[in-house]
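Q: Quick one: the structure is below, questions incoming.
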Amino acid sequence: MSFLANIIWILTSWYVPLLYLLGGIIFFPLLPFLWPMIKYSFLPFGREIVTTKYLKSFKEKRENDDFELASPMVKTLGNVAWIITFGWILALAHIIAGLLNFFLIWMIIPIPNIMAHFKLVPVAFVPFGRKIISKELSKKLKDDRAEKEYESLKH
């Protein structure tokens, strides 16, 4: 099902991933950190975006050369630079694409695209501090959190 949804996404929203790619190319020093978001914008179905804060609650500290190890000031400056230049353009592109897909609702096919576009608006606006994970991992993390919450209620 994700494969079909991704094909429909590319056919109806091809210009949005190209905007992400353009932003990554223009901000080439940030390209390694934007690359997962660029790949996600091309094929969004079958994966989820979560905050790094959410993921940190499940993992122990380990060394990583990722943007998440950067100071909060660097992350904030990266997000501010992104918002001023491409963030607002991408957020607006998602809103417009969602509305365009809404007008095609009589075809039923774009319904998942509408929700995906509106879900990506905050991510497009402020991409740093988010991670892309598979739906399976997301379900496992939610189950683990529910299990911990259940255990705390039993005691």
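Q: Does residue 11 qualify as being exposed (fewer than 12 other Cβ atoms within 10 Å of the Cβ), at pLDDT 80 or above, part of a helix (DSSP H, G or I) and not acidic (Asp, Glu)?
A: Answer is yes for this residue.
Q: Are any of the residues in region 102-120 loosely packed, with under 14 Cβ neighbours inside 10 Å, out of contact with any strand residue (DSSP E or B) (no Cβ under 8 Å at 6 or more places or on another chain) and in contact (Cβ under 8 Å) with a residue 24 or more places away in the chain?
A: no
Q: Residues to consider are 36, 44; find the one that is touching a helix residue (DSSP H, G or I) at 6+ places or on another chain (Cβ under 6 Å) and modelled with pLDDT of 85 or more.
A: Just one listed residue meets the conditions, 44.
Q: Right, here's the next one. Just for region 47-67: of the residues that are over 15 Å from residue 129 (Cα atoms) and touching a helix residue (DSSP H, G or I) at 6+ places or on another chain (Cβ under 7 Å), which one is modelled with the highest pLDDT?
A: My answer is 47.
The values are calculated or read from the model by the stated rules, or taken from the named source; none is laboratory data. Because the structure is predicted, anything quoted here is derived from the model rather than measured. Backbone-built Cβ (ideal geometry, glycine too); neighbour counts: all protein chains shown.
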